[in-house]
Structure formats: C-alpha cells, structure tokens
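Undergrad: Attaching a single structure in structure tokens format; questions to follow.
The values are calculated or read from the model by the stated rules, or taken from the named source; none is laboratory data. Predicted model only: the values in this text are computed from it and were never measured. All Cβ positions, even for glycine, are placed from backbone atoms using ideal geometry, and neighbour counts span all protein chains on display.
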Number of protein chains: 4
Amino acid sequence: MDWKLDDGRPIWPQLSQQLARRIIAGEYPPGSRLPSVRELAAEAGVNPNTMQRALAQLEQEGLARADRTAGRLVTQDTAALEAARLREAQAVIRSYFEAMSALGYDRERAVELLKEEFQ
Amino acid sequence: MDWKLDDGRPIWPQLSQQLARRIIAGEYPPGSRLPSVRELAAEAGVNPNTMQRALAQLEQEGLARADRTAGRLVTQDTAALEAARLREAQAVIRSYFEAMSALGYDRERAVELLKEEFQ
Amino acid sequence: MDWKLDDGRPIWPQLSQQLARRIIAGEYPPGSRLPSVRELAAEAGVNPNTMQRALAQLEQEGLARADRTAGRLVTQDTAALEAARLREAQAVIRSYFEAMSALGYDRERAVELLKEEFQ
Amino acid sequence: MDWKLDDGRPIWPQLSQQLARRIIAGEYPPGSRLPSVRELAAEAGVNPNTMQRALAQLEQEGLARADRTAGRLVTQDTAALEAARLREAQAVIRSYFEAMSALGYDRERAVELLKEEFQ
DNA sequence: GTGGTCTAGACCACC
DNA sequence: GTGGTCTAGACCACA
C-alpha cells in the first residue's frame, strides 16, 4: 500500500481522497473494518491527527462510520458508494480537461480525441 | 517554473516529457533557444548528465536540434510539433482510461461520462 | 446521579429544583425516604448547609416533610405533586419561549413550530 | 459576550452552535466581519485550534466564509441563515420535548400545555 | 496581521 | 486496544 502525497493541496484531503478511491475500488470492501487511525497514520507517515481528519471527512461523505470500540467500518450504503464514485470520476474528468487544455486542445476537441482513441 | 518528478519512472523521461509539454504549450516557442543544459539541470535539481539525456530524447523526437554555436533550438517543424502534441494527448488519454478503470468504469462508460460532463 | 449546577442563580434553588424534578419523575417515589442531608450534600459536592436550604424549600413547596425519627419523606399528597409538576412545566415552557424568541420567533410562531414538529 | 460551555458534548460543537445563534440573532449581522480566530479563542478561553474547528463547522453550514486575508465574513445568503434558524429551532424543540418528558408529559400533552400557556 | 495546516503529546470514554 | 478531543506551538501563504 503506497501513498501518493503532496500535490500542493493540504495533506488531509489527499489522504481522504485516496482512502475514498480504495473504498470505491473495493480494496476496503463494504462492511469491512478499516485499519485503525494510528495504523493508517504510521503507514502514510503522517501524524495520527492528520489521518483522523481525513477519516472524519470520509465519514462526513458517508463512506465510513466510526464504532467507538470496534474501529471504523466501511459503509454498506451502495447509494453513498455510487455517489462517491461519481464524485471521483468528475475529479478525473476535470483533470483530463485541464491536461488537454495545457496541450492546446479545447474541451470539444478533447472529447473528440477520446472518442477516436476509444474506437 | 517547477518540476514535478518521481512517479516511479526514471527521471530523464519525465524531464523530457515536461520539456516536450512546455514546447507544445508554446512556453518555449518554435525557433527559440532553450536554456543551457547546465541551467536546466540546476533548475530541476538534477545532474547535468540526466538533463542531457532528456534533451537528447527531445532531439530524437524532432522537437529540438543542437546548433554547434547557438545552443539548442526548438524546432520550427510544425508537423513534428503536431506529432508530439498528439503523442502527449494519447498519454493523457491513456491515463484517463486507467483512472476511470480504477473507479470501476469501462472504456465505453468512461467516454459517455466525459461527453455528459462536456455538455 | 449527576448534578447540573451553576446557571447563574444561587446554588440552593438549583438543587431544590433538581430534587423536585426527581420527585416528580418518580425517582424518589411518594412516601419514600430521601437520602440524608449529608449524603445529598456529599453527592452534589456542596456544603450541607446549602443542601439544607434546598430541602427546606422542598418542604415549603409541600413535596417533602421532615419526620423527627425517619428522616425526610417524600409527600404522598398527589395534589401537591401535581402542582409541583405544573410549576416545573411552566418553567420549561417559559425557557422554551425565551429560546425561540432569541432565534427570532414570536410566541405564536413558536407554538406553531412545535405543533408542526409534533405531527 | 459570555460563553456557556461544557454540557458534556465536545467543546467545538458548542462553540459552533453559540456562534450560529449569535449570527441568527443578528448579533453578527450578515456581511459583517467576525472576530479573528485568535480573538474568539482568547475570549472563550479555548485553544485557537478548537475555535478554528468550530468556525470550520460554521463555514460548512454555510453561515460564514473565510477570506484568507480579510478575516471571516458572515454570509449574506438569507436562505442559509433561514435554514440555520430552523435547525436551531428544532434543537430547542427537541430539548423541550425531552424536558417535558422527564416531567412525565408525553409529546401530545407537552404541546397542549404550551398552547394553554400561550393563550 | 489573517486563516489554515501539521505535528507532538496528553487525556478521555468505551468495552 | 479503539475513536475522539484538546492543547501547545510551529509553520505557511496571502496581501
């Protein structure tokens, strides 16, 4: 498990986003128990407080919920999972348009090129 | 000017790619003189030898050519520039499909979502 | 059993009010023996004199009566209990209107909102 | 300006709620500048970090927004203000029902008593 | 100066 | 052990 950090944004949203993607990808399946705050923090090499914040964000997005004693469980709410998947997809799409724009392609051309590549 | 490095690949192709994107974006205009190897190396914080390899790659792609006295000049060959732009665009497209695949969307769905977002 | 103290008023009416609410709630049933002044004072962390005043107030309200030998007994006078219940209820109602007023709702609107929430 | 703290809940939601009520009550009018994090923290006698958290919550509720350099401004979005007012009102209503329940009145009777007191 | 982030470390409730 | 809160203090970007 590796953590890609530091793209200029604060660390905690990056951590939160990566956790979200892992959950969406099924790496942490619905209903499963997430590693503890301290474990995740040690793994990512950040302060437990920072990881705590990332997990709070995850919770607020409805992707996980804390059981004071049992650790943190991934939600089984498929609607919440689907919403998160869409949210992440839109982030990917946005960065796609940005990258293509840097290469001199407007949004319309960016869509066309993708369609060509697909066929 | 900042350099984003280390995504797992060797450093010199990354340098080469970023230089290519700057040329494509017009940051280094056709016919203009590139900074010296030493300058670029210092700026990127890498060994001049590494930067040399990156520039050689650039030359090999037809984006620049060495001039014994004037240093290294950006090509004025618009066809070569266009080819490079397309090459980079395809790399962007590939990583788009990969990112969407990680979120559970196949290529068809990935294209559809992009089109929706575009409209 | 915990004691919520210090809302600005003197301590003894607060103690008295909480004892009254316990009696009304049936926590100290009619006819039962109240804990001794010393016990109650120790539990609440106040001076026995202060608790004494609270209990005197309780007696004055007809909720308890001192028995030379048996300590202090909760009244069995249901009318007195009912009167006390109503008195406390009116205090709750008053603070409800005050809180809603602070939020910008007049008494009429405060009643309406409560009815809506009830349904 | 006084701060009522410690009802068992964490401090930061209490701070956040009191700030919200002040905004709703017009004590901090729409568009006005809130005191700085450090000022508010000193005033409330808490760590700036804790107050920061309370303010972040306020922001997330749409009641304020941060201007990195200009401080924090109360929203002018009347819809957000109205939503917050309703949220707070429901909290007041809930605690009303709880208090009446402790006195032995069910929700229906609690509504009736309020209506009687109103007339 | 402002808001915001991050770390370090202590402490609590829960079971 | 778990999640969560709070403090203390450093640091950054912005203007």
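Undergrad: If I filter the stretch D:110-119 down to residues being more than 23 Å from residue C:28 (Cα to Cα) and touching a helix residue (DSSP H, G or I) at 6+ places or on another chain (Cβ under 8 Å), which single residue comes out as modelled with the lowest pLDDT?
TA: Filtering the stretch D:110-119 for residues that are more than 23 Å from residue C:28 (Cα to Cα) and touching a helix residue (DSSP H, G or I) at 6+ places or on another chain (Cβ under 8 Å), the one modelled with the lowest pLDDT comes out as D:118.
Undergrad: What tally of residues in the stretch C:51-78 results from selecting those that are touching a residue at least 40 places away in the same chain (Cβ under 8 Å), surrounded by 14 or more Cβ atoms within 10 Å (Cβ to Cβ) and in a helix (DSSP H, G or I)?
TA: Selection size over the stretch C:51-78: 4.
Undergrad: So, one more: So, residue A:20, is that one away from DNA strand F (no atom under 12 Å from the Cβ), under 19 Å from residue A:87 (Cβ atoms), surrounded by 12 or more Cβ atoms within 10 Å (Cβ to Cβ) and in contact (Cβ under 8 Å) with a residue 60 or more places away in the chain or not?
TA: yes
Undergrad: Filter the stretch B:2-16 down to the residues that are within 14 Å of chain A (Cβ to nearest Cβ) and in contact with a helix residue (DSSP H, G or I) (Cβ under 8 Å, 6 or more places away or on another chain) and list them by number.
TA: B:3, B:4, B:5, B:6, B:7
Undergrad: Then there is this: Just give me the residues in the stretch A:4-24 being within 8 Å of DNA strand E (Cβ to nearest atom) and touching a Pro at 6+ places or on another chain (Cβ under 9 Å), in sequence order.
TA: If the condition is that a residue be within 8 Å of DNA strand E (Cβ to nearest atom) and touching a Pro at 6+ places or on another chain (Cβ under 9 Å), then no residue fits.
Undergrad: Here is a further query. So how many residues does the stretch B:104-116 have that are basic (Lys, Arg) and either touching a Ser or Thr at 6+ places or on another chain (Cβ under 9 Å) or surrounded by 20 or more Cβ atoms within 10 Å (Cβ to Cβ) (or both)?
TA: Qualifying residue count, the stretch B:104-116: 1.
Undergrad: Another question about this same structure. Return a yes/no flag: does the stretch A:23-44 have any residue that is within 12 Å of another protein chain (Cβ to nearest Cβ), under 30 Å from residue B:83 (Cβ atoms) and among the β-branched types (Val, Ile, Thr).
TA: no
Undergrad: May I pose another question? Could you please let me know if residue D:33 is more than 25 Å from residue C:101 (Cβ to Cβ) and touching a strand residue (DSSP E or B) at 6+ places or on another chain (Cβ under 9 Å)?
TA: yes
Undergrad: If you don't mind, another one. Just checking, which of D:19, D:63, D:40 is in contact with a helix residue (DSSP H, G or I) (Cβ under 8 Å, 6 or more places away or on another chain) and farther than 30 Å from residue C:4 by Cα?
TA: Of the residues listed, the single one that is in contact with a helix residue (DSSP H, G or I) (Cβ under 8 Å, 6 or more places away or on another chain) and farther than 30 Å from residue C:4 by Cα is D:63.
Undergrad: For residue B:19, state whether it is modelled with pLDDT of 90 or more and either touching a His at 6+ places or on another chain (Cβ under 6 Å) or away from every other protein chain (no Cβ under 14 Å) (or both).
TA: The answer is no for residue B:19.
Undergrad: Given the structure, is residue A:42 modelled with pLDDT under 95, in contact with a strand residue (DSSP E or B) (Cβ under 9 Å, 6 or more places away or on another chain) and within 16 Å of DNA strand E (Cβ to nearest atom)?
TA: Here the answer is no, as residue A:42 does not meet what is asked.
Undergrad: Quick test for you: out of D:72, D:9, pick the one residue that is within 8 Å of DNA strand F (Cβ to nearest atom) and either more than 13 Å from the chain's Cα centre (by Cα) or closer than 29 Å to residue A:50 by Cβ (or both).
TA: D:9
Undergrad: Going residue by residue through the stretch B:99-107, is there one that turns out to be hydroxyl-bearing (Ser, Thr, Tyr), part of a loop (DSSP other than H, G, I, E, B) and within 28 Å of residue A:90 (Cα to Cα)?
TA: Within the stretch B:99-107, one or more residues are hydroxyl-bearing (Ser, Thr, Tyr), part of a loop (DSSP other than H, G, I, E, B) and within 28 Å of residue A:90 (Cα to Cα).
Undergrad: Which members of the stretch D:85-103 meet the condition of being at the interface with another protein chain (Cβ under 7 Å from one of its Cβ atoms) and either surrounded by 14 or more Cβ atoms within 10 Å (Cβ to Cβ) or modelled with pLDDT of 95 or more (or both)?
TA: Within the stretch D:85-103, D:85, D:88, D:89, D:92, D:93, D:96, D:99, D:100, D:102, D:103 qualify.
Undergrad: Still on this structure: I'd like the residue in the stretch A:23-50 that is surrounded by 14 or more Cβ atoms within 10 Å (Cβ to Cβ), assigned to a helix (DSSP H, G or I) and within 17 Å of the chain's Cα centre (by Cα) and, out of all such residues, is nearest to DNA strand F (Cβ to nearest atom).
TA: A:37
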